[in-house]
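The values are calculated or read from the model by the stated rules, or taken from the named source; none is laboratory data. All values reported here derive from a predicted model rather than from experimental measurement. A quick note on method: Cβ atoms are made from the backbone with ideal geometry, for glycine too, and the neighbour counts reach across all protein chains shown.
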Amino acid sequence: MTIPTAHQLIHVCKHWRNVALDIPDLWKHAILVHTALPDWPEDTTGVQLRARAFHDIAELYGGKLSHVQLSWLWRMPRDSTCAQPNSVLQYMDRYVWFKLVVGDFFSHFTGFYSQLNNNDGKIHAPLLEELCLICYKATIEQEVVEFEAPMLKRLALYDHPMDSTRQFILPWHQLTQLSVGEPRFLNRSASLSSRWRDLTRLLHSLSSLEYLHQGAVGIEILDPGSR
């Protein structure tokens, strides 16, 4: 997890804590949460500590916790796979901007969607205005994620297959901006013509759309410093 500047300043001394809390611009940034890399093995205790660290940040930021990216790219200990994502998803009701990046091992986490949803089967994001979903491997077809996001206007959707209306239930009619495509290095199993048909079907449900970008997303989107 990348420690934000504001979080560092408030631990210098009481004076700097007060100064930092009074400067709104210090808190206007994305908090980036990512799992361990393949060559950085992490046991269950490490995962739990990283999850707890995010809870501490959420307590500090309060309502200022508005921009968050969760990158879940690599296999983690089986008995703790959901601890860190859950710590991030618990605060979805605060986010204005949220990016979810899921890697090659996504299909191994069969309980991921159930952890996202609360009792009514929806992800509640009342303040969410911009959502970015990036999946580097086809997800489980029978699983469906439903977002309750009355403020959502901007969506970036990079996954496989392109027609994600089958997998994500979103307020499509609200969207004014859409970026859609797939990772450049992904093995393509469908023809180009079928992909255009999928995109055409998707566009028919976007009655408020003002801006459309269609293309691929490069590996550089994994850079924690990018937005």
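Does Asn118 satisfy being modelled with pLDDT of 65 or more, over 27 Å from His213 (Cβ atoms) and either part of a loop (DSSP other than H, G, I, E, B) or among the polar types (S, T, N, Q) (or both)?
Spelling it out, it is not the case that Asn118 is modelled with pLDDT of 65 or more, over 27 Å from His213 (Cβ atoms) and either part of a loop (DSSP other than H, G, I, E, B) or among the polar types (S, T, N, Q) (or both).
Report, ordered by the first and then the second residue, all pairs with beta carbons closer than 6 Å, sequence separation of six or more or different chains, a first member in the stretch 142-168 that is farther than 18 Å from Leu89 by Cα and in a loop (DSSP other than H, G, I, E, B), and a second member that is of a type in the set (Lys, Arg) and at pLDDT below 90.
Met162/Arg195
Determine whether Gln174 is modelled with pLDDT of 55 or more and either surrounded by fewer than 14 Cβ atoms within 10 Å (Cβ to Cβ) or under 24 Å from Val33 (Cα atoms) (or both).
no
How many residues does the stretch 86-111 hold that are crowded, with 20+ Cβ neighbours inside 10 Å and at pLDDT below 70?
Here the count works out to 0.
For residues that are modelled with pLDDT under 80 and within 15 Å of the chain's Cα centre (by Cα), scanning just the stretch 147-171, find the one that is nearest to Lys99 (Cα to Cα).
By that ranking, first place goes to Tyr158.
Would you point out which residue out of His29, His11 is assigned to a loop (DSSP other than H, G, I, E, B), of a type outside the set (A, V, I, L, M) and at pLDDT 80 or above?
Exactly one residue qualifies, and that residue is His29.
Under the condition of being within 13 Å of the chain's Cα centre (by Cα) and of a type in the set (Gly, Ala, Ser), which residue from the stretch 64-85 is modelled with the highest pLDDT?
Selected residue: Ser66.
For residues that are in a loop (DSSP other than H, G, I, E, B) and modelled with pLDDT under 90, scanning just the stretch 122-141, find the one that is nearest to Leu175 (Cα to Cα).
The selected residue is Lys122.
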